[in-house]
Each structure stands twice: as C-alpha cells, then as structure tokens.
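Only one structure is covered here, and it is reproduced in the block below.
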Amino acid sequence: MRKIRGFLLDLDGVLYVGNQAVPGAVDALHDLRGQGCPLRFVSNSTRRSRSSVAGRLKAMGFPIDEHEILTPAVAAASMLARDEKTAFLVTTGDANRDFEDAGITITEDLPDVVVIGDAGDRFTYELLNLAMRMIISGAQLIALERDRTWMGADGLMLSAGPFVAALEYATGKEAVCVGKPSFGFFSTALVGLGIPASGVAMVGDDIETDIGGAQRCGMQGILVRTGKFREDLLASSGVIPDLVIDSVADLPLIL
Ligand SMILES: [Mg+2]
C-alpha cells in the first residue's frame, strides 16, 4: 500500500452494527487521533439528520464532532440551496431537518426534484406512486444513495437502491446519486480532510460504493469484515480492495 496520511471512514457496518459499537472501534479512533491522523466520516445513512447521527455516535463513545461527518442529505441540501430548488422528500426519521436547516422549500406541489433516501417503513405503494407521478411531470430524481442493502440489528435490510431502481424503471429517467460512490461526495470529504486522494484510504464495508468508489477517485480502499461484508461479494464483485482487515480495530496497526 502507499503511505496513508489520512482516512475517510464509513459509519454503518464499520464503527457500529445496529446499536452496538464494533468491538475495539472506539479505542481505534482514540489511537488514530493520538497519532495525529486526520479523519473524516462519510456515511450513506439517510434515516437520520447529521446532528442525530453525531448524537448517536457520541452516545456510543466515539470521539467525533458533527462537522467531521458528511451525509448525502447534507450534500444534497447544500446543492439544492445553491440552485434554489424545491423538493419532495421520500425519507424517514428526521432526515428532513438537514433540508429545512438549509432553507429548502419542501412541497408536494410540482417540486423541482424528488429526493429519495432509505425511507424504511415509509416506503409504501402510495408514496412511491406519488413520487413516480412527480417525476413523470418533470421533477428530477435525486438519490441520496443507491446501495443495495445494509446490515441491520437482525439481518440484511433493503437500502434505497432497490426503490431508486423501481422509480427509474417506471419513469424511464435516471437518478442522480449524491452519496457514495459519487465523485462529488468523495471530493467534498477530501476537501474537509485537506489531503489529496493519493494519500487517503477509505475504510468501508460496502465493496462497491466504499471500495470501488474510493478507488475510482484515486484513493486506496480498505474493506472491513464487519457489517454487510460478504465473502462471496469480495470474490465476485470485480473490485479488489487494497487491503482487507477483520475490523476497524486493526486500523491503527497499518499506519
Ligand atoms: Mg457501511
């Protein structure tokens, strides 16, 4: 591997699974901080606002400030605010807060964009049908993420990707993805880190969005064997991680 000067870390499946911190993860972050290693956190989680994500991490004991976290909702909200777009949100939890804080007008009445994240139990035929009609009427489809799955407390869960694909199929329009693995998302995180891509490693449990995405941006990719990690996907995805480690607890050892 090339010399690593800083890390981008995924959250879900890397630092925690369900409501449990990955064993050794809190100590590993303290260790990396102690070594003066710059860190930023890039999550495709869309069920919570950034401040809720930060609060949850703090409760688990992680030394992470809210401003060090980049989520797709924050990235999408700043993009929509810049372009003064109105939006309809297909999301759940308090994900709407990131949009409201950015001053986005949220409406069901001919929105400029339909924003879709992992809406969990809010995904209903009715809601997807409403979104489909808005897109057919001219709204742009923005996917906060299009991951296939994520690892919940009791097993694999459908992520936003399958629902994004359904809306694309129904409307014949392609979604713009703002979360990982988009170039813009990783670029924003790298600016925050202050280190060029060649000196950065991305640590994640999704071989496609975390590892493949980071490598396409010029970073190295470190896959962890926690969260949604699957041996069969490692063999079949066509993506070759620069390194595979048992968990984030091993990260301080490779610096
Ligand atoms: Mg993950």
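Here, each number is a calculation from the coordinates, and none is a lab measurement. Just so you know, these numbers come straight off a predicted model, no measurement behind them. Every residue, glycine as well, gets a Cβ built from its backbone with ideal geometry; the counts of neighbours run over all protein chains shown.
Quick look at the values:
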{"item": "Asn44 long-range amide H proximity, modeled H, under 5 Å", "result": "Leu11, Asp12"}
{"item": "Extension gain from Asp109 to Asp83, taking 0.36 nm per residue of separation minus the Cα-Cα distance", "result": "7.5 nm"}
{"item": "Pairs of Cα atoms farther than 26 Å apart, the chain, %", "result": "37"}
{"item": "Viscosity 0.890 mPa s, temperature 25 °C, Stokes-Einstein D of the range 14-97 from Kirkwood C-alpha radius, µm²/s", "result": "173"}
{"item": "Too-long pairs where the Cα-Cα distance tops 28 Å, listed order kept, from Lys85/Lys180; Lys58/Lys228; Lys3/Lys58", "result": "Lys3/Lys58"}
{"item": "Alpha carbon centroid spacing (whole Å) that separates the range 51-128 from the range 1-40", "result": "24"}
{"item": "Cut-off under 5 Å, modelled amide H: who pairs with Asp206 long-range", "result": "Ile211"}
{"item": "Exposure proxy order (Cβ contacts within 10 Å, fewest to most) of Ser237, Ser198, Ser45", "result": "Ser198, Ser237, Ser45"}
{"item": "Gyration tensor verdict on the range 82-177 (Cα atoms; rounded if a/c is under 1.5, prolate if a/b is larger than b/c, oblate otherwise)", "result": "oblate"}
